[in-house]
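The values are calculated or read from the model by the stated rules, or taken from the named source; none is laboratory data. In this text the structure is predicted, and so the values were computed from the model without any measurement. Glycine gets a Cβ as well: all are built from the backbone with ideal geometry, and neighbour counts include every protein chain shown.
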Amino acid sequence: MKGVTVLGATGSIGVSTLAVLGQHRDRFRVVALTARADFDALFRQCLEHRPHFAVLVEEAAARRLAELVHASGLTIQVLSGRQALEEVVRLPECDYVMAAVVGAAGLLPTLAAVRAGKRVLLANKESLVMAGRLFIDEVRRYGAELIPIDSEHNAVFQCMPAGGGSGNAPQGVRRILLTASGGPFRGWPQEKLRTVTPAQACAHPNWIMGRKISVDSATMMNKGLEVIEARWLFGTTPERIQVVVHPQSIVHSLVEYADGSVLAQLGNPDMRTPIACGLGWPERLDAGVEPLDLFSIGRLEFEVPDMQSFPCLSLAMAAARAGGNAPIILNAANEVAVQAFLEERLPFIAIAEVVDHVLQSVASLEIDSIEAVLECDRLARMAAAQATAAAAGRAA
Ligand code: NAD
Ligand code: MG
């Protein structure tokens, strides 16, 4: 029996994780469920999965949850605050941690799981984008087991020889081919992107996801973040990672070897597959996913990414090559700009402008500690808030 803590339980990945766990109650026990503020959703999950602990970051929401838990007669300890996220990943009864908080807020609880030497199922790509080498060094130092859940990285993990995925560079790997659906605006010219709304940007053709990553997919910033994520996970350089647009989202990524072999992982676009892979590894579990029907799919297409219409991808590739604090600035500025776009304070095409501006305005630095990562994130957010207000003013 493995104990599992789910960080970000009420989100898209969290819900899919609980669906897989619910199918395998004989193998897994839910130790803790966490979320930011949605006490209703977390309470419903508590009723179904009976964790020992439930955490809400926001205190008032945690009080409401505690009342609901008390009235229902459940014996669940309700905690609040960011610190509590770190406490519930360190518990001795917790073996696996699903890291599915969205954004930079995921960094510290994910690192806490790494430092506690747990099996970490990494959905929160932002933590690896921000902390990069420092994160991977901690994985090694504390003997944690890192399994990528992002569908592309999980695909690469499956196509690598054993041991690939915790920062090791397996022998004979020439390139990683990272597939991208191209998002809802694939094939659109820049001009047409001017009037895009949050609802359009969040309507992904193949995947149902949280709002932040949906916008990142629409700008293709998501693929840029994933290039940075992949370089650290698989001990390679951005130059050896090729983004391939594949509109069907059936081939989740590929690994090219020195002898010319190219291995791919295929499946329906359903996050329960990589989640079940991470939970069961090296065993395979039923994920409840429809079998892949190649005859009904018929064709698989591959295209070169359009860097003109999707400048966020080139900004991210440049930040990947620059290293140092550039990925932290990129990520922070993007989070601020995406939030402003979702709140209809910033036009879609200005997301790239804000990120570009902040990358140029914050001094470049080498980063040697997690404290320096957090400080750089803070400074970049301040610069991004200013740049967002200025860009919104120009657009009005
Ligand atoms: P989501 O917005 O649906 O859910 C986010 C979860 O994190 C919620 O439970 C929310 O309560 C919690 N949360 C939000 N802010 C928080 C904070 N400040 N502190 C603590 N908890 C907080 O997001 P999602 O789509 O499930 O994505 C989660 C992560 O997984 C992201 O990093 C995303 O890039 C990655 N990911 C998601 C998908 C997908 O299919 N959704 C695929 C690949 C990778
Ligand atoms: Mg992905």
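Looking only at the range 5-29, count how many residues are surrounded by fewer than 19 Cβ atoms within 10 Å (Cβ to Cβ) and either part of a strand (DSSP E or B) or of a type in the set (Gly, Ala, Ser) (or both). Qualifying residue count for the region: 3. Within the range 268-287, restricting attention to residues that are surrounded by 10 or more Cβ atoms within 10 Å (Cβ to Cβ) and away from ligand 2 (no atom under 16 Å from the Cβ), the residue that is nearest to residue 99 (Cα to Cα) is 279. Can you find, within the range 187-228, the residue that is farthest from ligand 2 (Cβ to nearest atom) among those that are among the hydroxyl-bearing types (Ser, Thr, Tyr) and under 20 Å from residue 130 (Cα atoms)? Applying the filter and picking the extreme gives 219. For the range 175-183, the condition holds for no residue, the condition being that it is within 16 Å of ligand 1 (Cβ to nearest atom) and part of a helix (DSSP H, G or I).
Yes or no, residue by residue, for (1) within 16 Å of ligand 2 (Cβ to nearest atom); (2) among the β-branched types (Val, Ile, Thr):
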| residue | (1), (2) |
| --- | --- |
| 17 | yes, yes |
| 33 | no, no |
| 57 | no, yes |
| 60 | no, no |
| 65 | no, no |
| 68 | no, no |
| 74 | no, no |
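Exactly one of (1) in a helix (DSSP H, G or I); (2) in contact (Cβ under 8 Å) with a residue 24 or more places away in the chain is unmet by residue 386. Its number? Only one criterion is unmet by residue 386, namely (2). Scanning the range 137-166 for residues that are assigned to a helix (DSSP H, G or I) and either at pLDDT below 95 or in contact with a Phe, Trp or Tyr (Cβ under 7 Å, 6 or more places away or on another chain) (or both) turns up just one, 156.
Hey, any hits in the range 93-105 for a residue that's more than 9 Å from ligand 1 (Cβ to nearest atom), part of a helix (DSSP H, G or I) and at pLDDT 95 or above?
Narrowing the range 93-105 to residues more than 9 Å from ligand 1 (Cβ to nearest atom): 93-98.
Applying the additional criterion that residues be part of a helix (DSSP H, G or I) yields none.
Looking through the range 93-105, none of the residues is more than 9 Å from ligand 1 (Cβ to nearest atom), part of a helix (DSSP H, G or I) and at pLDDT 95 or above.
Only one of these is closer than 22 Å to residue 200 by Cα and loosely packed, with under 14 Cβ neighbours inside 10 Å: 366, 290, 344, 335. Name it. Before the answer, list the steps.
Numbers: 366 fails: closer than 22 Å to residue 200 by Cα; 290 fails: closer than 22 Å to residue 200 by Cα; 335 fails: loosely packed, with under 14 Cβ neighbours inside 10 Å.
Testing whether each residue is closer than 22 Å to residue 200 by Cα and loosely packed, with under 14 Cβ neighbours inside 10 Å leaves just 344.
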